[in-house]
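*Asks:* I have a structure I would like to understand better, so I am pasting it below and will then ask my questions one at a time.
The values are calculated or read from the model by the stated rules, or taken from the named source; none is laboratory data. None of these values were measured; they are calculated from a predicted model. With ideal geometry, Cβ positions are generated from the backbone for all residues, glycine too; neighbour counts draw on all protein chains shown.
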Amino acid sequence: MTADRRPEEIEIDRLDQQLATAENGDMNALTKVVATYETQLATAHEKGESDRYRGISRAYQEQLITVLDDATQTEGWELVEDFLDAYHPDTADKFPHVTTILQNVTSRYLIRTRLSAGIDSVPVSALTFFSSILDQFEGDGYDFIREALHPYGWGIGHPDHSVADDIHQYASSSLPLVNAILEHAFYADQHSAVELLEELVNDESVQQTLPYRSGKISGPRYLLDTPAGAVSDFDPTVPRYWEWQEELDYEFVLDEGVETRIREIVAEQGVGDELSSDWEIADLTLCRVS
């Protein structure tokens, strides 16, 4: 290592070495690599080096997620919980730079646990992590954090943490985000999700309009896109870098009773007038507004 190398280059070498060691199962190295990644991004952000920030993120994000996810499957939830405590949204004025890493790994654990052991087995700390982000979320400048919130819907129906209440509370301020979280709730428990959908479309705070194409669209009509998204060309892309529907052999099939209730909601909201006489649930799909 030459003496004239920039400190940033030396730190990247350290990041590479720590990541390689962590891939071999060294938990101390995993703790160090997460800390180094956070420090490098924070430094780049503070110096206004946006290209460097994006370069580090693109180069290491997927690999770091994979290593941490593999370690979690071996070591258990306590490993992730330690990282959530260390880089919790409440620890700083702004979100830690590893937030999307931790969202991704937490989402994977949430989905796997729900499908294999049921919602009661999901740790409350996994859900409070997401709700803490929602509490502080302002939207602008946090596109990846917003996207990584979508799997929070998998926590619907938990006996000790009401995801449905959080979704309902947030609906009046950000229907696009609620739309995506609610779609994931349909993947998890379509019966609870359609109950929440019915509550939302009948809530006065959701009787708002949103920009859509060249005009406007009502809040209830926008939310009816959620079950349509679940049945239309099912190929979810969140959490990133993970084809969970293939790994977990998951298939979404809309229950007949749930479909009947959706059709009733469509009729009650007067949405059917814009559809053909033989419309299907997938016909409710919209080009989503970000």
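*Asks:* Between a first residue in region 264-286 that is farther than 11 Å from residue 224 by Cβ and a second residue that is part of a loop (DSSP other than H, G, I, E, B), which pairs have beta carbons less than 8 Å apart while being 6 or more apart in sequence or on different chains?
*Replies:* Final answer for the pair search is 282/232.
*Asks:* Next question. Would region 124-137 turn up any residue that is assigned to a loop (DSSP other than H, G, I, E, B) and modelled with pLDDT of 95 or more? Walk me through how you get there before you give the answer.
*Replies:* To start, the set of residues in region 124-137 that are assigned to a loop (DSSP other than H, G, I, E, B) comprises 137.
Filter once more, keeping what is modelled with pLDDT of 95 or more: none.
No, region 124-137 has no match at all.
*Asks:* So, one more: Please identify the pairs in which a residue from region 174-187 that is closer than 14 Å to residue 157 by Cα has its Cβ atom under 8 Å from the Cβ atom of a residue that is of a type in the set (Phe, Trp, Tyr) and surrounded by 24 or more Cβ atoms within 10 Å (Cβ to Cβ), counting only partners at least 6 apart or on another chain.
*Replies:* 181/152; 184/152; 184/154; 185/154; 187/154
*Asks:* Which residues, taken from region 78-92, are of a type in the set (A, V, I, L, M, F, W, C), assigned to a helix (DSSP H, G or I) and over 17 Å from the mean Cα position of the chain (by Cα)? Lay out the reasoning, then the answer.
*Replies:* Of region 78-92, the ones of a type in the set (A, V, I, L, M, F, W, C) are 79-80, 83-84, 86, 92.
Retained after the next criterion (residues that are assigned to a helix (DSSP H, G or I)): 79-80, 83-84, 86.
Within region 78-92, 79, 83, 86 qualify.
*Asks:* Same structure again: Has region 149-159 got at least one residue that is within 18 Å of residue 229 (Cβ to Cβ) and surrounded by fewer than 17 Cβ atoms within 10 Å (Cβ to Cβ)?
*Replies:* Of region 149-159, the ones within 18 Å of residue 229 (Cβ to Cβ) are 149-154, 156.
Those left that are additionally surrounded by fewer than 17 Cβ atoms within 10 Å (Cβ to Cβ): none.
No, every residue in region 149-159 fails to be within 18 Å of residue 229 (Cβ to Cβ) and surrounded by fewer than 17 Cβ atoms within 10 Å (Cβ to Cβ).
*Asks:* Does residue 210 fit the bill of being under 30 Å from residue 61 (Cβ atoms) and touching a strand residue (DSSP E or B) at 6+ places or on another chain (Cβ under 7 Å)? Lay out the reasoning, then the answer.
*Replies:* Details: under 30 Å from residue 61 (Cβ atoms): no; touching a strand residue (DSSP E or B) at 6+ places or on another chain (Cβ under 7 Å): yes.
Spelling it out, it is not the case that residue 210 is under 30 Å from residue 61 (Cβ atoms) and touching a strand residue (DSSP E or B) at 6+ places or on another chain (Cβ under 7 Å).
*Asks:* Can you tell which of 214, 174, 232 is exposed (fewer than 15 other Cβ atoms within 10 Å of the Cβ) and at pLDDT below 90? Step through it out loud before you land on a result.
*Replies:* On the way: 174 fails: exposed (fewer than 15 other Cβ atoms within 10 Å of the Cβ); 232 fails: exposed (fewer than 15 other Cβ atoms within 10 Å of the Cβ).
So the residue among 214, 174, 232 that is exposed (fewer than 15 other Cβ atoms within 10 Å of the Cβ) and at pLDDT below 90 is 214.
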